[in-house]
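These notes are about the structure you will find just below.
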Amino acid sequence: MGKVVLSGKGRRWVEGGHPWIYGDDVAAGEGEAGELVPVHAPDNRPLGWGVFSTHSKICVRMVTRSADQPNREFWLKVVERAIRARKRAGYLDAEGACRLLAGDADGLPGFVLDRYADVFVVQSGCQASDRMRDFLLDLVREVIDIPMTAVLDRSDTGVRKLENLEKHTEWIDGTPRETVLVKEGDLQYEVDVIGGHKTGHYLDQRENRLLAASHADGVRALDAFAYDGLFGIRAALAGAESVVCLEQSATSIERLLRNAKLNGVEDRVTVEKVDAMTDLRRRAIAEEKFGLVMVDPPAFARNKREAKGAARGYLELNRRAASLTEAEGHMVSSSCSYAVRRDEFQDHLAAAVREAGRIGWLEHYTGASPDHPQRLNLPETAYLKCAFLRLD
């Protein structure tokens, strides 16, 4: 069995509550890829247990501060706790979807498990989650009441390179399916679990789509970077007079149109195949106006080095969105860039509204839905920001 001894700085970091230990804060240590190892202070005092990485800058991810080695009962309790939280949130409807296990945020390093009805999709991001995959899936089967008819391992994210792991996609169990139909209250939508973004869908925006739709009744709405169209379709279901969706991907547009038809709003939802940033500029120059403008772009900054460039992007995007929002209308703007903090994003919005010559009020400032928990001592889990503005 391996063992890790921390430096004084590393000890203070762990005792401060953050579960990630970087290689620079390890005084001595060894272990196999993904191995569960004891972690000690410089004076050899036990600090708990973590999973070891042979390649990542995150050398150890702590899983417990107890001196007792985690066993099957320990991991079962972690899984049960996470699933109970989803049940309390009302996210375990058999035909629905949710993030069932949220990796490090739920105390399961690198292991994400999303559920689309009875199809479960794994995404593993570190050596330990690869090593523990089948064990954790067995625990989920033991706990959850919903049948796991099919299980897909879609570990295809770029973060795996940091762990010296290859990307891969494979069906672990059940009959392979390209698409899954999900029902979420009065909303139905199609998920491409093989080729869709993330594990097939942006589950983290569930509650934000509902809140945005509460401003849609009787207005013209614009959904930029629409992907599968659920911001716009939610708005149409809530009574929007019309919805324009801007999307560049032909595959996403096809799915968006199918989703609109599934929900009976195809007569009020139109899609334009455009580069959203360019098209927003064109519409702003043409002085178009919408009662509800929703912008949900991809991440502008994937690390701190890119944050400065992201600031310019968020300023320009939201200036255009503000220009398109009619007086006393609403603008909903999201950022999934962890490297851009909440206060920084709010500053970008304030500058954008000012440059658009508008007055803005921040009515709500939210994050991800409850199945994407924010662990208080792991700020990296607080990545999504969604601002709801009223403009004049």
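The single residue among GLY110, GLY96, GLY103 that is surrounded by fewer than 21 Cβ atoms within 10 Å (Cβ to Cβ), farther than 24 Å from ALA41 by Cα and of a type in the set (Gly, Ala, Ser) turns out to be GLY96. When every residue of the stretch 334-349 is checked against the conditions, at least one turns out to be surrounded by fewer than 20 Cβ atoms within 10 Å (Cβ to Cβ), touching a strand residue (DSSP E or B) at 6+ places or on another chain (Cβ under 8 Å) and either assigned to a helix (DSSP H, G or I) or not assigned by TED's automatic domain parsing to the domain that holds ALA212 (or both). Cβ-Cβ contacts under 9 Å between residues 6 or more apart (or on different chains), taken from a first residue in the stretch 335-349 that is under 20 Å from PHE225 (Cα atoms) to a second residue that is assigned to a loop (DSSP other than H, G, I, E, B) and of a type in the set (Val, Ile, Thr), are listed as HIS348/VAL340.
Summed over the stretch 252-267, residues that are more than 21 Å from LEU280 (Cα to Cα) and among the β-branched types (Val, Ile, Thr) total 1. Restricting the stretch 252-272 to residues that are under 15 Å from TYR227 (Cβ atoms) and not hydrophobic (A, V, I, L, M, F, W, C), the residue that is farthest from the chain's Cα centre (by Cα) is GLU272. Suppose the filter is over 20 Å from the mean Cα position of the chain (by Cα) and closer than 23 Å to TRP20 by Cα; does ARG65 pass it? So ARG65 fits the description; yes. Looking at ARG154, is it at pLDDT 95 or above and in contact with a Phe, Trp or Tyr (Cβ under 9 Å, 6 or more places away or on another chain)? Answer is no for this residue. The set of residues in the stretch 191-225 being within 17 Å of the chain's Cα centre (by Cα) and polar (S, T, N, Q) consists of THR199, GLN205, ASN208.
The values are calculated or read from the model by the stated rules, or taken from the named source; none is laboratory data. Keep in mind that what you see is a predicted model, and the values were worked out from it rather than measured. Heads up, the Cβs are rebuilt from the backbone with ideal geometry, glycines too, and the neighbour counts pull from every protein chain shown.
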